[in-house]
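Participant: To start, I am sharing the structure in question, which I have written as structure tokens.
Coordinate-derived values only; no laboratory data. On a predicted model such as this, the values are computed, not experimentally measured, just so you know. Cβ atoms come from the backbone with ideal geometry, glycine included; neighbour counts cover every protein chain shown.
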Amino acid sequence: MKPFFPKFRGRPWVSGERVLHVYVCPRAGVDEELLQLAHRVTGVMAPYPIDPQAQGCPADPGWLHLTVEMVADAPAAAISGPERTDLVAALTDGLTGFAPFETEVGPPIANVAGAVLDVWPDGRVVALQDRVREAIRAVRGEHAVMPSADRPHLSLGYAYAEADSDPLNSVLRTTITPRRAALFVDRVHVLDVEWFRAAMAGGVEGWRMAWDSVTVVPLGVSGTGL
């Protein structure tokens with residue numbers, strides 16, 4: 001694995017910059033098996049240069065998330081209150097009638113940028129992404145959605161230094177059971193997401209995220225707002 005570097009519109013992210021995203025976020029009391037799985041993987045990852053997203057699991061999901069889409073035409077600071085209201089309205093309209101669903105994630109895999117849980121089956125997640133992208137394009141234009149070939153996944157942690165991922169994958173295969181867990185999706189979160197440089201173990205700098213909530217849009221019903 002190699003150090004992870006976030007990007008915005010194909011360029012390196014500026015530390016402290018904030019961009020609106022639409023995420024699915026696991027919840028305590030709902031996705032307990034998933035949070036337990038993330039908690040176990042976090043323990044196994046401890047010797048490796050990976051900053052875990054599951055802080056305080058299983059009681060606190062931390063920064064665990066499934067990225068549905070980024071609003072990529074402008075930084076969050078350049079999107080006004082009325083424009084955010086229009087975006088939330090479009091998402092609400094687009095997701096009305098889209099029924100909540102359950103899927104699964106796993107097994108945990110160490111990859112080039114850290115560790116992830118792939119989503120499978122992913123048909124409903126992909127359909128959800130399509131609805132969200134249509135809503136963003138409707139109010140922000142085609143340039144607000146960047147092409148992506150990445151498959152749906154939850155990031156368990158991001159690498160901040162180089163390391164061989166093969167030993168970690170071997171440990172994950174032999175020690176983590178069960179290897180899959182359910183994810184229940186009945187809402188999406190519109191979030192103001194920040195990436196910033198931070199000190200990691202050993203004094204090395206890496207990238208860490210944080211976010212502020214804009215709103216929550218439920219699936220299948222209308223009536224949400226800022």
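Participant: Contour minus end-to-end for Arg151 and Ala127, with contour as 0.36 nm per residue of separation and end-to-end as the Cα-Cα distance?
Facilitator: Numbers: separation 24, 0.36 × 24 = 8.64 nm, distance 1.25 nm.
Length difference between fully extended and current span is 7.4 nm.
Participant: Which value at 222 nm does the chain reach when only helices count, each DSSP H run of 4 or more adding -39,500 (n - 2.57), with the total divided by all residues and rounded to the nearest 500 deg cm²/dmol?
Facilitator: Values: 4 runs with 58 residues, N = 226.
Value at 222 nm, helices only: -8500 deg cm²/dmol.
Participant: Same structure, new question: Modelled label-to-label distance, Ala28 and Asn111, 7 Å Cα→beta-carbon offset: nm?
Facilitator: Label at Ala28, label at Asn111, 2.8 nm between them.
Participant: Quick check: the angle from helix 123-140's long axis to the longest principal axis of the chain, C-alpha only, nearest 10 degrees?
Facilitator: 50
Participant: Extending each Cα 7 Å along its Cβ direction at Asp93 and Arg173, get the distance between those two points in nm, one decimal.
Facilitator: If labels sit at Asp93 and Arg173, their model points lie 5.0 nm apart.
Participant: Could you give the length gained by full extension between Glu17 and Ser213, i.e. 0.36 nm per residue of separation minus their alpha carbon distance, to one decimal place? Intermediate values should be presented prior to the final figure.
Facilitator: Numbers: separation 196, 0.36 × 196 = 70.56 nm, distance 1.57 nm.
Contour length minus Cα-Cα distance gives 69.0 nm.
Participant: While we're here: Report the calculated FRET efficiency for Asp186 and His143 (r = Cβ-Cβ distance, R0 = 30 Å), to the nearest 0.05.
Facilitator: Plugging the Cβ-Cβ distance into 1/(1 + (r/R0)^6) gives 0.50.
Participant: At 0.36 nm per residue, and after removing the present C-alpha to C-alpha distance, how many nm does the segment from Ala77 to Asp60 gain when stretched out fully? Kindly include the intermediate steps, with their values, before the conclusion.
Facilitator: Details: separation 17, 0.36 × 17 = 6.12 nm, distance 2.83 nm.
So the chain would gain 3.3 nm between Ala77 and Asp60.
Participant: Here is a further query. What do you get for the angle between helix 165-175 and the principal long axis of the chain? Use alpha-carbon atoms, 0 to 90 degrees, nearest ten.
Facilitator: 90
Participant: Next question, about the same structure. Can you give me the long-range amide H partners of Gly157? Hydrogens built in the peptide plane at 1.01 Å from N, cutoff under 5 Å, separation of 5 or more residues or another chain.
Facilitator: Gln53, Ala115
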